[in-house]
1. Here's a check for you: in segment 9-48, which residue that is in a helix (DSSP H, G or I) and without any contact (Cβ under 8 Å) to a residue 60 or more places away in the chain is surrounded by the most Cβ atoms within 10 Å (Cβ to Cβ)?
2. For segment 477-498, state whether one or more residues are in contact with a helix residue (DSSP H, G or I) (Cβ under 7 Å, 6 or more places away or on another chain), within 23 Å of residue 393 (Cα to Cα), touching a residue at least 40 places away in the same chain (Cβ under 8 Å) and surrounded by fewer than 15 Cβ atoms within 10 Å (Cβ to Cβ).
3. Answer with yes or no whether residue 157 is surrounded by 15 or more Cβ atoms within 10 Å (Cβ to Cβ) and either part of a helix (DSSP H, G or I) or under 32 Å from the mean Cα position of the chain (by Cα) (or both).
4. Answer yes if at least one residue in segment 183-199 is more than 17 Å from residue 239 (Cα to Cα), over 27 Å from the mean Cα position of the chain (by Cα) and not in a helix (DSSP H, G or I), and no otherwise.
5. Residues of segment 239-251 being touching a residue at least 12 places away in the same chain (Cβ under 8 Å) and either in contact with a strand residue (DSSP E or B) (Cβ under 8 Å, 6 or more places away or on another chain) or crowded, with 17+ Cβ neighbours inside 10 Å (or both), which ones?
6. Residues being part of a loop (DSSP other than H, G, I, E, B) and either at pLDDT 65 or above or loosely packed, with under 14 Cβ neighbours inside 10 Å (or both): count how many of those fall in segment 96-126.
7. Right, residue 363: modelled with pLDDT under 95 and either in contact with a helix residue (DSSP H, G or I) (Cβ under 7 Å, 6 or more places away or on another chain) or closer than 14 Å to residue 293 by Cβ (or both) or not?
């Protein structure tokens, strides 16, 4: 990395960031690009955000940049709102050099003291690869002086460039001291190791286990943020989960995952429950990472063994309940919880086509067939009692159960990842292809999947049937929805009123 040129680095730093640094320099202040943005630039990546360190105090930064957000001024940070050449706004954090002391709650310093130099500021940072600073004010000087390489304008007091080249996560200074300052740092170290495919230096890793009492004190929201970064930014999130497991961190936040270790699965599985979950999570697309992480979470609690072998009956139902509990504990939004819970609940949905396909396997090749051939074959068989393996009502109910049309695609993705992560799986990708075709057909129809889709309202029922708002009204609406899911042609106001009258009459007779 010592041969990385200044010109190559400049191409990865937007002009608006350089312009911001130059504005500080014109007022007599220093300006360095710091933190993860320097690390990413040195790795040849475009950073997600850019952080500037300066010797200007917060009030001075605010005078130079009136368009700013000063909510972090107490800790020396001002968010400057700047614009690129196209007029698009960007946020850049500008933080005064600082030393922090007397941390409480695993995170917050009771006091912030401003440092005099960039080297002092870097000494408070977490890992050596994040404790480098790029001297933006030297870009012009470098050209004038004939400097070519980024190492010539890099402030690197802790040999971060060396560790970056060696693919090593190493704490700045004493790792126990660093991790005692902020309990999130061990979690971030595991996440970075997975994200960058780096190894954690042994002394640094040992300090993670030694400071669990501090890790335990961090807010659950901060853990959740790192969890999502691990799931969505790491090519193999399993690396981070295994590191957190070995350090004792996973037990603090998602101990349920550890229950799957050593839980043997039936002969058509390769891994135990824990390792299977990890494999599926690695394979899953971002939209279903959480569902992949929790899809088999309940297997250890549903474990049973008889003369036929090992079984996990009902693990999808129990897993949905556990998923909801875990995600509520981690303070996910209700929308995220419901979506993930439904995917876990229905990830074991039965393929009515499976037996049907086996009976017809000599007549049609589902693996090699083209989309058009599958479509034709389905249409030809729909006149039979199997209707191509699925009835329209069964498809509508599956879509309804999983949460609607947007969620059904994620359910397919989860099923593919679940099977694809197991080399012994009997999964036939042709089944997903056929099911997807059938779902597409049904989705093209006018479907009612929720009460608001009905062509009748509670107000209509109250006015026409002389009933009042209350539990009975809800029962009637749910009954009508069930009918329409089975037969969409019933979804007219007149027919639904008739069905509602029948329901009320039957209720009276039964009571």
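1. The residue in question is 37.
2. The answer is yes; a qualifying residue exists.
3. No.
4. Looking through segment 183-199, none of the residues is more than 17 Å from residue 239 (Cα to Cα), over 27 Å from the mean Cα position of the chain (by Cα) and not in a helix (DSSP H, G or I).
5. Within segment 239-251, 239, 240, 241, 242, 243, 244, 245, 247, 249 meet the criteria.
6. As a first pass, look at segment 96-126 and keep what is part of a loop (DSSP other than H, G, I, E, B): 97, 105-107, 115-117, 123-126.
Checking which are either at pLDDT 65 or above or loosely packed, with under 14 Cβ neighbours inside 10 Å (or both) leaves us with 97, 105, 115-117, 123-126.
Of the residues in segment 96-126, 9 are part of a loop (DSSP other than H, G, I, E, B) and either at pLDDT 65 or above or loosely packed, with under 14 Cβ neighbours inside 10 Å (or both).
7. No; evaluated as a whole, the condition is false for this residue.
The values are calculated or read from the model by the stated rules, or taken from the named source; none is laboratory data. Note that the coordinates shown come from a computational prediction; the quantities given were computed from them, not determined experimentally. Note that we place each Cβ from the backbone using ideal geometry, even for glycine, and neighbour counts take in every protein chain shown.
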